[in-house]
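The structure appears below as structure tokens.
The values are calculated or read from the model by the stated rules, or taken from the named source; none is laboratory data. None of these values were measured; they are calculated from a predicted model. Note that we place each Cβ from the backbone using ideal geometry, even for glycine, and neighbour counts take in every protein chain shown. With ligands, DNA and RNA removed, areas are computed over all heavy atoms of the protein, side chains included. Shrake-Rupley method; radii C 1.70, N 1.55, O 1.52, S 1.80 Å.
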Amino acid sequence: MAQNYTLMARKNLLKPDETPKYYAVARSGRKVTVKEVCKRISERSSYSKGELEGCIGEFLLEIVNVLDEGNIAQMGDLGNFRMSIKTGTPTDTVKEFKTSCIDKGKVLFYPGSDLRKLCKTLDYTLYKSDSSADSDKDPLPDDGDDNQGGSGSGVTPDPSV
């Protein structure tokens, strides 16, 4: 299936007098919950929904524990999770730097080979609404803001922010 996209006009903030240019923005059809994913897997495997939900919960807990220990969580074909920090107030010297200069931490995700290959082999289709009732709804962009999708850069926003 092709990845739907919409077109969005964006101004270059460094050149405000220029005409806006159009950029493709990924459009998701809907959000699929963990419960639905577990239901799909349980229908084609011997695992129950409860077992799968329990495994996912423990899996996420362990990723948090590994990151909290200052390590990189290598999750095989899924990819790697690691911590990054954002300095809010840079200093001129090493002596001046305090932990209060750090603004926040964030979780970075680098996708595994299957996900990277998916990004390289996607087909794209311009999204066109089937009904006028749907035209007043905003698309679900996956442009790396506070959504669960990605921008293709391999960096996922911190879900706790």
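Just a few scattered comments:
- Its residue count N sets the reference 2.2 N^0.38 Å, and the alpha-carbon radius of gyration of segment 69-119 equals 1.60 times that reference.
- Computed across segment 1-81, the Kirkwood hydrodynamic radius from all distinct Cα-Cα pairs reaches 16.8 Å.
- Near LEU60: Cβ cut-off under 13 Å, other residues only, Lys/Arg at +1 and Asp/Glu at -1. The net charge is -4.
- Each residue was assigned an accessible area with a 1.4 Å probe, and for GLU43 the value is about 130 Å².
- Each Cα pair under 8 Å and six or more residues apart adds its sequence gap; the mean of these over the residue count of segment 35-106 is a relative contact order of 18 percent.
- Residue-span extension gain [THR87 to ILE102] - 0.36 nm each, minus C-alpha spacing: 5.0 nm
- Evaluating 6.51 cos²θ - 1.76 cosθ + 1.60 at θ = phi - 60° for every residue in segment 43-57, the Karplus couplings come out as 6, 10, 9, 8, 7, 7, 4, x, 4, 5, 4, x, 4, 5, x Hz, glycine and proline recorded as x.
- Computed about its Cα centre, the charge dipole of segment 69-119 is approximately 80 debye, with only Lys, Arg, Asp and Glu carrying charge at their Cβ.
- Segment 69-119 - percent relative contact order, Cα under 8 Å, separation 6 or more: 41
- Calculated from backbone phi, Karplus (6.51, -1.76, 1.60) coupling profile of segment 16-31 in Hz, x at Gly/Pro: x, 7, 6, 5, x, 10, 9, 10, 7, 10, 4, 10, 8, x, 6, 8
- Label positions at ARG116 and GLU69, each projected 7 Å from the Cα along the C-beta direction, are separated by 2.5 nm.
- Largest accessible area first, the listed residues CYS55, CYS38 line up as CYS55, CYS38 when surface is computed with a 1.4 Å probe on the assembled protein chains.
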